[in-house]
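Worksheet: one structure, shown below.
The values are calculated or read from the model by the stated rules, or taken from the named source; none is laboratory data. Predicted model, so just to flag it, every value in this text is computed and none were measured. Cβ coordinates were reconstructed from backbone atoms using ideal geometry, including for glycine residues, and neighbour counts include every protein chain displayed.
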Amino acid sequence: MEYVAKYLDMPYIRALEVSTFYTMFNQAPVGRYHVQVCGTTPCMLRGSEDLFDACYAKGLKKGGTSPDGLFTLAEVECLGACANAPMVQINDDNYEDLTSETMTSVLEALQRGQTPKPGPQIERQTSAPESGPTTLVEMVSENYDYREQWK
Ligand code: FES
């Protein structure tokens, strides 16, 4: 940060302000898995506290790195996957539609050196409704031409 501030010819505090505002800048090295739990309102209403509890049960501490260097836990603001709340980003992958149990499963798989399947942790395609598509349903099985209906 000091180098960047000097390079940009600005006071050190300006670089520090930016780096502490955005959660993608880390103030210290993070563990092998950077566990970023979204705590913003949609995720909070859908159970992000349960995800934190699952992390705490595994010994993770918010803002800290586990003694084995495997996990760093952080609370972050909306990660843009609200339709699949609650969710967590771990390194480059999102794990969505989580519960305490599935969060625990993801962490345990990572501990075993496995890569859990990213995306929704329930049966649904990306952010489609759990019961299946409710609009453009003719498009589910084949390409459907809606243009006649738009005239
Ligand atoms: S509020 Fe959690 S992803 Fe948007």
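Some points to look at:
- Only listed residue being polar (S, T, N, Q), within 11 Å of V35 (Cα to Cα), at pLDDT 90 or above and within 16 Å of the ligand (Cβ to nearest atom), chosen from N94, N84: N94
- Close Cβ contacts (under 6 Å, 6 or more residues apart or on different chains) running from residues in region 119-131 that are farther than 14 Å from N94 by Cβ to residues that are surrounded by 13 or more Cβ atoms within 10 Å (Cβ to Cβ) comprise E130/R124.
- Some residue of region 18-29 being within 14 Å of the ligand (Cβ to nearest atom), on the phi < 0 side of the Ramachandran plot and modelled with pLDDT of 95 or more: no
- Subset of region 97-113 (residues that are surrounded by 10 or more Cβ atoms within 10 Å (Cβ to Cβ) and either in a loop (DSSP other than H, G, I, E, B) or of a type in the set (D, E, K, R) (or both)): D97, L98, T99, E101, E108
- Residue pairs whose Cβ atoms lie under 6 Å apart, sitting 6 or more positions apart in sequence or on different chains, and linking a residue in region 61-85 that is closer than 19 Å to T115 by Cα to a partner that is of a type in the set (S, T, N, Q), are T72/T65.
- Candidate set: region 17-64, residues that are aliphatic (A, V, I, L, M) and over 13 Å from L98 (Cα atoms); chosen: the one surrounded by the most Cβ atoms within 10 Å (Cβ to Cβ): V35
- Scanning region 30-51 for residues that are more than 20 Å from P116 (Cβ to Cβ) and either among the charged types (D, E, K, R) or modelled with pLDDT under 95 (or both) yields one hit, E49.
- Top-ranked residue in region 45-59 [being touching a residue at least 12 places away in the same chain (Cβ under 8 Å) and not charged (D, E, K, R); ranked as farthest from the ligand (Cβ to nearest atom)]: A57
- Among the criteria (1) outside any loop (DSSP other than H, G, I, E, B); (2) surrounded by 13 or more Cβ atoms within 10 Å (Cβ to Cβ), the one Q149 does not fulfil is (2).
- Here R124 passes the criteria (1) away from the ligand (no atom under 11 Å from the Cβ); (2) in contact with a strand residue (DSSP E or B) (Cβ under 7 Å, 6 or more places away or on another chain) except the one numbered (2).
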